[in-house]
Amino acid sequence: MASVSATSLKLFTTTSQASWRGSSLRAVSVRWAKTSFPSLRNSRFHISCAARPETMQKVCEIVRRQLALPPESELTPETKFTALGADSLDTVEIVMGLEEEFGIAVEEDPTSENITTVQEAADLIEKLIQKNAAP
């Protein structure tokens, strides 16, 4: 599995190689034997745009606090809020806690309604922090 962290992603292809480059990304290359670009729909290829570890840790702390989970409960980036027993009100409270902790307004982003996992929340926070920091 490949994990790529970037704010933008571009794909370059040659006969048997694809390289991705992003503004905050080290180059990542993938090679295959065929001369055409493989269909990502049929392959087991996955890109995870991971937020910074500090952001992920804070998101996990907030989720644990809002859902009254024990500190030792395991949360992964793929953990869905509903799998932890959260309903829509709990999700709103999680988002409010994230806004307070990071000093952001989540409603500024149209994708905020689709936050269902720890990773999606952390990625949105990173995106909004970068957007707010831009001149």
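Out of everything in region 99-128 that is in contact (Cβ under 8 Å) with a residue 40 or more places away in the chain and hydrophobic (A, V, I, L, M, F, W, C), what residue ends up being surrounded by the fewest Cβ atoms within 10 Å (Cβ to Cβ)? Taking the candidates together, the pick is Phe102.
Note on region 85-98: among residues that are in contact (Cβ under 8 Å) with a residue 12 or more places away in the chain and either in a loop (DSSP other than H, G, I, E, B) or polar (S, T, N, Q) (or both), the one that is surrounded by the fewest Cβ atoms within 10 Å (Cβ to Cβ) is Gly85. One residue is enough: does region 52-59 have a residue meeting the conditions part of a loop (DSSP other than H, G, I, E, B) and either modelled with pLDDT under 95 or not acidic (Asp, Glu) (or both)? Yes, some residue in region 52-59 is part of a loop (DSSP other than H, G, I, E, B) and either modelled with pLDDT under 95 or not acidic (Asp, Glu) (or both). Considering region 46-75, the residues that are over 15 Å from Glu126 (Cβ atoms) and in contact with a strand residue (DSSP E or B) (Cβ under 9 Å, 6 or more places away or on another chain) include one that is surrounded by the most Cβ atoms within 10 Å (Cβ to Cβ), namely Ile47.
Among the residues of region 92-115, are any modelled with pLDDT of 90 or more and of a type in the set (Ser, Thr, Tyr)? Looking for residues that are modelled with pLDDT of 90 or more and of a type in the set (Ser, Thr, Tyr), one finds none in region 92-115, hence no.
The values are calculated or read from the model by the stated rules, or taken from the named source; none is laboratory data. Bear in mind that the values here come from a model prediction, so they are computed numbers and not experimental data. Here Cβ is always computed from backbone atoms with ideal geometry, including for glycine, and neighbour counts include all displayed protein chains.
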